[in-house]
Amino acid sequence: MKIIGHGNIITCGEDNHFMSDGAILIKGNKIIEVGDTSSIQSRYPEAEFFNANGKLVLPGFINAHMHLYSTFSRGMALSGEPARNFKEILEKLWWKLDKELKSEDEIYYSAMVSMLEGIKCGTTSIIDHHASFGLINGSLDIIERAAKDCGVRSVLCFETSDRWGKNLCSESIEENVRFIKKTRSDRDSLISSTFGLHASLTLSDDTLRRCLEEASILNSGFHVHVAEGIEDVEDSLSKSGKRVVERLYDAGILSEKTLAVHCVHINEREIALLSTTKTNVVHNPESNMNNAVGVPPIIEMDKAGVRMALGTDGYTPSMLESLKVAYILPKLKYEDPRAGNDVVERMLFRNNAHILGLYFNNPAGIIKEGALADIVVLDYSPPTPLNSINYFYHMIFGIRDSDVDSVLINGEFVFKNREFTKVDYEEVMAKSREVAKRFWEKM
Ligand SMILES: [Zn+2]
């Protein structure tokens, strides 16, 4: 057993509350009790004691949409004219990169680097969307190995797409099916899975039908990009006469188990479809800004009762960074300083937790008895009073990634007093540079 004691705890969840000099008792991978430090310590004197020493203790952050494979794009030179639009960004960068990811080392180190950087930013769970069309079969096992090596909770899938032809499409469907079957039997494990789809614009009706058939047998939802760029809408209209959400709805892809990522270019009817099917939408503000695709109708979706979560789309490993941008973006879009405050708070602290709960037996993203022991300790000394009502504004205006002091995942310290406990960070980065240099030569 372990005790995280003398912490200032923000529990999050529906009845969020603040506890000064609080303690969390952990047994195995779960939280057993939350209460007063002296009471818990005196009843469990044999437990390993971690002194949080007045630091802030929160549930670890959950990244609801990530591309771990994007690591080697960092600083990479691209030949030719710069991409002029979203479709060209896909063609000139991402599709070239995912076709060249061919070796175990390339996939492993891309994932490992992003995971370690996530942990340093307080991320304890990553819902990833993977593409490596140079090595499909077994690619999710390689990411699973990286996740277990550094100890980060992960939900994995492979992005099914027709863009590289029938054979590679079939192989990507098989990779999803194989990995879902493999992880399904152990919902207590650190690793879970869902069914990955790229986006309407690279999926034929026939492929959607095959994916639905397979996912239905496995009782799985989907993780799919939806109406990210206007190109996706144009393609869907020309293919089917339907807008993207309508096409996916008719194909049976939307449900309460599905993550519809982005939803930038959607109309009122599509918002209603997302709401009635209880489909989860994942917002990635920095990525949308960087790709110049637009801003999703956050307020309209919220009013219609759509559950919206927060991710990073590979733009950054940091959920705090994504949160801060998500907080200011609606103000600019709606030209209203009130816009989005409560919506964005719900994204990271309620809805991401809800989504993660789809994949594991116990709740995460909350500090309470029975929840998964995924916890971040932040070395933040508030210059003004901090409580369960205003903690969110301390996160927006005060707390930074550099405050992350320690991280526990599944009851285990993976980062303690600013040191990784399971891997040598510098060794991983050095090896990654070596692998990336060889990878760049292929690009
Ligand atoms: Zn994405």
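Each reported figure results from applying straightforward, stated rules to the coordinates on display, with no laboratory input. Quick caveat: nothing in here was measured; it's all calculated off a predicted structure. Don't worry about glycine lacking a Cβ; one is built from the backbone with ideal geometry, like all the others, and counts go over all protein chains shown.
What to note about this one:
- At R0 = 45 Å, FRET efficiency that the Cβ-Cβ distance of Glu419 and Ala292 yields, to 0.05: 0.70
- Model label zone, Asp336; criterion: amide N under 14 Å from point 7 Å along Cα-to-beta-carbon; scope region 275-318: 297-304
- Inter-centroid distance (Cα atoms) of region 233-288 relative to region 150-195, Å: 21
- Euclidean distance between Cα centres, region 196-213 to region 94-147, Å: 22
- Largest-first principal axis extents of the Cα set of the chain (Å): 67, 48, 44
- Annotation: amide H of Ile32 within the under-5 Å range of Leu25, Ile26, Lys27, Gly370, sequence separation 5 or more or interchain, hydrogens built in the peptide plane.
- Between Lys96 and Ile217, the contour length at 0.36 nm per residue exceeds the alpha carbon distance by 40.3 nm.
- Mean residue ellipticity (222 nm) of the chain, computed from DSSP H runs ≥ 4 via -39,500 (n - 2.57), nearest 500: -11500 deg cm²/dmol
- The charge dipole of region 67-132, taken about its Cα centre with unit charges on the Cβ of Lys, Arg, Asp and Glu (plus for the first two, minus for the last two), comes to roughly 200 debye.
- Modelled this way, with points 7 Å down the Cα-to-C-beta line, the labels at Ser38 and Asn267 are 6.6 nm from one another.
- Those aspartates and glutamates that a straight Cα-Cα span of less than 13 Å connects to Lys242, excepting residues fewer than 8 apart in one chain: Asp205, Asp232, Glu234, Asp250, Glu270
- For region 342-402 and region 35-50, distance of Cα centres in Å: 23
- Antiparallel %, DSSP beta bridges [both residues in the chain], to 5: 45
- Computed extension gain for His17 through Phe397, at 0.36 nm per residue and net of the alpha carbon distance, reaches 134.8 nm.
- Each Lys and Arg Cβ is given +1 and each Asp and Glu Cβ -1; about its Cα centre, the chain then shows a dipole of about 200 debye.
- Radius 9 Å from Cβ of Ile24, net charge of other residues (Lys, Arg +1; Asp, Glu -1): 0
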